[in-house]
């Protein structure tokens, strides 16, 4: 499974996805609280990695105050994000080859954007995160909580479970330490959800 294959799968269902999740009121209040709390504790330029149609990018921008850039592999999502936020910069790119200068970011939001990445390919993404983050910068990562590396059927494309502990093992070699982690099972949800904040060593 490659990034172009995943992008093509999302391109094919972009309209459906945007109808379901394309506004902030359609997303979980708990997610919004988690993301805005992290945003407010983070300084410097922010990257919405796997930005989709730009819903969380808009939230990160905080009414235009914050400097935020978005990246997604999906052509349709990048077009939708640019239409939503014409004053922001969006790139179509692979998370393992980010179009940013080294040490140029204060924070990276990767909200369920690594769930389709095969386990063997995650180190390349985390290496890029470490490259573009300034020392002391942080990444907020959302994931489905379960047996690490186990594949499951996702509505768009095959996805993989992780735990905070297993992701920490992958992040640590790239200079990250885990600041905090949590998981939850929302009522009616099919899967447990997890998130963690990883900080790059100074």
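The values are calculated or read from the model by the stated rules, or taken from the named source; none is laboratory data. A quick note: this is a predicted structure, and the numbers were derived from the prediction, not measured. Quick reminder, even Gly has a Cβ in these numbers, built from the backbone with ideal geometry, and neighbours come from all protein chains shown.
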Any idea which residue in the stretch 184-202 is surrounded by the most Cβ atoms within 10 Å (Cβ to Cβ), counting only those that are out of contact with any strand residue (DSSP E or B) (no Cβ under 8 Å at 6 or more places or on another chain) and under 30 Å from residue 11 (Cβ atoms)? 189
Kindly indicate whether residue 122 is modelled with pLDDT of 95 or more, touching a helix residue (DSSP H, G or I) at 6+ places or on another chain (Cβ under 6 Å), more than 30 Å from residue 186 (Cβ to Cβ) and surrounded by 15 or more Cβ atoms within 10 Å (Cβ to Cβ). no
So residue 50 ticks every box in (1) in contact with a helix residue (DSSP H, G or I) (Cβ under 7 Å, 6 or more places away or on another chain); (2) at pLDDT 95 or above; (3) buried (at least 22 other Cβ atoms within 10 Å of the Cβ) but one. Which box is left unticked? (1)
Kindly indicate the residue of the stretch 22-41 that is more than 22 Å from residue 91 (Cα to Cα) and crowded, with 16+ Cβ neighbours inside 10 Å and also modelled with the lowest pLDDT among those meeting that condition. 27
Apart from one, (1) modelled with pLDDT under 95; (2) in a helix (DSSP H, G or I); (3) surrounded by 13 or more Cβ atoms within 10 Å (Cβ to Cβ) all hold for residue 19; the odd one out is (3)
Suppose we filter 181, 159, 139 for residues that are within 16 Å of residue 35 (Cβ to Cβ), buried (at least 19 other Cβ atoms within 10 Å of the Cβ) and within 16 Å of the chain's Cα centre (by Cα); which single one remains? 139
Taking the stretch 42-67 and keeping only residues that are part of a loop (DSSP other than H, G, I, E, B) and either within 19 Å of residue 100 (Cα to Cα) or touching a residue at least 60 places away in the same chain (Cβ under 8 Å) (or both), one is left with 42, 43, 44, 45, 50, 51, 52, 54, 66, 67
For the list (1) at pLDDT 95 or above; (2) surrounded by 22 or more Cβ atoms within 10 Å (Cβ to Cβ), I need the number of the one condition that residue 80 fails. (1)
Scan the stretch 163-178 and report the pairs whose first residue is touching a residue at least 40 places away in the same chain (Cβ under 8 Å) and at positive phi and whose second residue is crowded, with 17+ Cβ neighbours inside 10 Å and assigned to a helix (DSSP H, G or I), with Cβ atoms within less than 8 Å and a gap of 6+ or a chain change. 175/130
Which one is surrounded by the most Cβ atoms within 10 Å (Cβ to Cβ), of the residues in the stretch 90-114 that are over 15 Å from residue 50 (Cβ atoms) and in contact with a helix residue (DSSP H, G or I) (Cβ under 9 Å, 6 or more places away or on another chain)? 104
